[in-house]
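Peer 1: Quick one: this structure, given as structure tokens, is what I'll be asking you about.
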Amino acid sequence: MPAPTRARLTIDLDALAANYRTLCRTAEGAEVAAVVKSDGYGLGAAPVARRLLREGARSFFVARIEEGEALRAAVGGREADIYVLDGLTAGAGPRLAAARLTPVLNTVPQVEAAVAFAAGSGRPLPCALHVDTGMNRQGLTVDEAGAIAGAPGRLARLDVGLVMSHLGSAHDAADPRNGEQLARFRDVRALFPEARASFANSGGTFLGPDYRFDMVRPGISLYGGGPEERPDAAIVAVARLEAPVLDLRRIAAGEHLGYGSGLVMPRPTRVAILGAGYSDGVIRAARHGGYAWLAGARRRLLAVTMDLTIVELDEAAVQVGEMAELLGPNALLDDLAQAAGTVAHEVLVRLSLRAERAYLGE
Ligand SMILES: *Cc1c(COP(=O)(O)O)cnc(C)c1O
């Protein structure tokens, strides 16, 4: 059998389901919605959502309307509430209605467009309201939300089922911004007593019961990222990126390694050349402090190029063709993200389609 040359990306939907159940147990009593924007953080929104529906999930969040339309097609006749975080963008009303997508309205013009669309269709428009409580990225201001709540005529056109906000520092339980946002969100929520309330992302879900309200919206912790941006024992790896050892080499002391002359080996070094690089999602910046898992141990990344990655080996018995893990249960997502100076979310969405993909537990 010829030795493998391609990287392999395995997406373990049983692990996804285990994380979902962990989040359900943690959130006790609150609904756990699944954030599946950006194609389920790069892991495939359709297989992810279909598996989570089987586990009992009912609500899903996407960013773009196209993602919502694709997800509606993928879940077929199954009961799923699909929320579009972009809201009601210009002219999108009929498309949202056709795919039964719920817009998350986040500006005053969007609220007005929703009221107008509802007036034209003759029935209240199911929607959610996103209120900014301190992240300063998306959402109505607290004052704007107050003005909307104080205009019952307009509100009658809308069926506001959910009021939500998003935390900016939930990965850091000690950050005072969490409590400040919570206090504002409580005020906002009181403006819409009929609606359900949702505040917490993955990190927020673990901040405690005060943060959970009626629905939590985890993304990264479903996909294996720790809620505090470091490895978490309760959350298991979902994505496993593996690449074959293409070659084993010995580098003499004083020799240069890879591109440029930045890396000069201080001593004779044995290395393995792996058949995956940054075009498979191995982030180049992770060469400072990142590692792969090979022959039962962590192996320091020395260089990451487009198609190849070089890792340091000791005298471990390694065969050409053997698979090394670049991300997974042993090469931890949060460690890789930290080495690369980014967040786990970005590491996952960069897993490109070049790696051969397989799903477990579909
Ligand atoms: C992306 C996103 C989430 C999920 O965040 P995680 O950190 O991945 O858990 C929740 N809510 C909103 C509004 C988002 O944009």
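The values are calculated or read from the model by the stated rules, or taken from the named source; none is laboratory data. None of these values were measured; they are calculated from a predicted model. Glycine gets a Cβ as well: all are built from the backbone with ideal geometry, and neighbour counts include every protein chain shown. Remember, those area values only see protein heavy atoms, side chains included, never the ligands or the DNA or RNA. Shrake-Rupley method; radii C 1.70, N 1.55, O 1.52, S 1.80 Å.
Peer 1: Restricting to segment 278-302, what's the tally of residues that are assigned to a strand (DSSP E or B), of a type in the set (Gly, Ala, Ser) and open to solvent by less than 10 Å² (accessible area, probe 1.4 Å)?
Peer 2: 1
Peer 1: Ok, one more. Since Arg157 meets every condition but one in (1) surrounded by fewer than 16 Cβ atoms within 10 Å (Cβ to Cβ); (2) closer than 19 Å to Leu105 by Cβ; (3) basic (Lys, Arg), which condition does it not meet?
Peer 2: That leaves (1) as the condition not met.
Peer 1: For segment 199-212, check the following and say yes or no: at least one residue is outside the structural domain of Leu326 (by TED's automatic domain parsing), over 24 Å from Ala344 (Cα atoms) and over 21 Å from the mean Cα position of the chain (by Cα).
Peer 2: Yes: one or more hits.
Peer 1: Starting from segment 183-196, take each residue that is more than 13 Å from Leu155 (Cα to Cα) and list its partners that are among the small types (Gly, Ala, Ser) and surrounded by fewer than 18 Cβ atoms within 10 Å (Cβ to Cβ), counting only C-beta distances under 8 angstrom and pairs at least six apart or across chains.
Peer 2: Arg196/Gly161
Peer 1: Something else now. Which of (1) away from the ligand (no atom under 16 Å from the Cβ); (2) surrounded by 15 or more Cβ atoms within 10 Å (Cβ to Cβ) does Asn106 not meet, given it meets every other one?
Peer 2: Here Asn106 meets the rest and fails (1).
Peer 1: Right, another one. Mind counting the residues in segment 111-145 that are under 10 Å from Leu88 (Cα atoms), touching an Asp or Glu at 6+ places or on another chain (Cβ under 9 Å) and not in a strand (DSSP E or B)?
Peer 2: Residues flagged as under 10 Å from Leu88 (Cα atoms), touching an Asp or Glu at 6+ places or on another chain (Cβ under 9 Å) and not in a strand (DSSP E or B) within segment 111-145 amount to 1.
Peer 1: May I pose another question? Scan (1) out of contact with any Pro (no Cβ under 8 Å at 6 or more places or on another chain); (2) within 24 Å of Tyr211 (Cα to Cα) for the single condition Val35 breaks and write down its number.
Peer 2: All conditions are met except number (1).
Peer 1: Okay, next question. Here is a check on your reading of the model: is Ala317 open to solvent by 50 Å² or more (accessible area, probe 1.4 Å) and either farther than 18 Å from Leu9 by Cβ or not hydrophobic (A, V, I, L, M, F, W, C) (or both)?
Peer 2: Values: open to solvent by 50 Å² or more (accessible area, probe 1.4 Å): yes; either farther than 18 Å from Leu9 by Cβ or not hydrophobic (A, V, I, L, M, F, W, C) (or both): yes.
The answer is yes for Ala317.
Peer 1: Considering segment 114-139 alone, what residues qualify as being within 16 Å of the ligand (Cβ to nearest atom) and open to solvent by less than 10 Å² (accessible area, probe 1.4 Å)?
Peer 2: Cys127, Ala128, Leu129, His130, Val131, Thr133
Peer 1: Which residue is farthest from Gln181 (Cα to Cα), if the candidates are limited to segment 191-228 and must be in contact with a Gly (Cβ under 7 Å, 6 or more places away or on another chain) and within 8 Å of the ligand (Cβ to nearest atom)?
Peer 2: Selected residue: Pro227.
Peer 1: Out of curiosity, is Val142 surrounded by 23 or more Cβ atoms within 10 Å (Cβ to Cβ) and either in the same structural domain as Gly87 (by TED's automatic domain parsing) or not charged (D, E, K, R) (or both)?
Peer 2: Numbers: surrounded by 23 or more Cβ atoms within 10 Å (Cβ to Cβ): no; either in the same structural domain as Gly87 (by TED's automatic domain parsing) or not charged (D, E, K, R) (or both): yes.
It is false that Val142 is surrounded by 23 or more Cβ atoms within 10 Å (Cβ to Cβ) and either in the same structural domain as Gly87 (by TED's automatic domain parsing) or not charged (D, E, K, R) (or both).
Peer 1: In segment 200-220, what residues are open to solvent by less than 10 Å² (accessible area, probe 1.4 Å) and under 23 Å from Leu125 (Cβ atoms)?
Peer 2: The one that is open to solvent by less than 10 Å² (accessible area, probe 1.4 Å) and under 23 Å from Leu125 (Cβ atoms): Met215.
Peer 1: Determine if segment 325-339 includes at least one residue that is in a loop (DSSP other than H, G, I, E, B), more than 18 Å from Val238 (Cβ to Cβ) and open to solvent by 20 Å² or more (accessible area, probe 1.4 Å).
Peer 2: The answer is no; no qualifying residue exists.
Peer 1: Taking the options Leu222, Leu248, Leu263, name whichever one is over 16 Å from Ile11 (Cβ atoms) and at pLDDT 95 or above.
Peer 2: Leu248
Peer 1: Tell me the strands (runs of 3 or more DSSP E) entirely within segment 1-96 that contain at least 1 residues that are in contact (Cβ under 8 Å) with a residue 12 or more places away in the chain and more than 25 Å from Ala128 (Cα to Cα).
Peer 2: The qualifying strands (runs of 3 or more DSSP E) are 8-12.
Peer 1: Could you grab me the full set of residues in segment 235-268 that are closer than 30 Å to Ala170 by Cβ and open to solvent by 50 Å² or more (accessible area, probe 1.4 Å)?
Peer 2: The answer is Val236, Arg240.
Peer 1: So, in segment 161-181, of the ones that are open to solvent by 10 Å² or more (accessible area, probe 1.4 Å) and of a type in the set (A, V, I, L, M), which residue ends up nearest to the ligand (Cβ to nearest atom)?
Peer 2: Step by step, filter segment 161-181, then rank; the result is Ala173.
Peer 1: Those residues that are crowded, with 16+ Cβ neighbours inside 10 Å and within 16 Å of the ligand (Cβ to nearest atom), I need them from segment 64-82; list them, please.
Peer 2: Answer for segment 64-82, where residues must be crowded, with 16+ Cβ neighbours inside 10 Å and within 16 Å of the ligand (Cβ to nearest atom): Ile65, Glu67, Gly68, Leu71, Asp81, Ile82.
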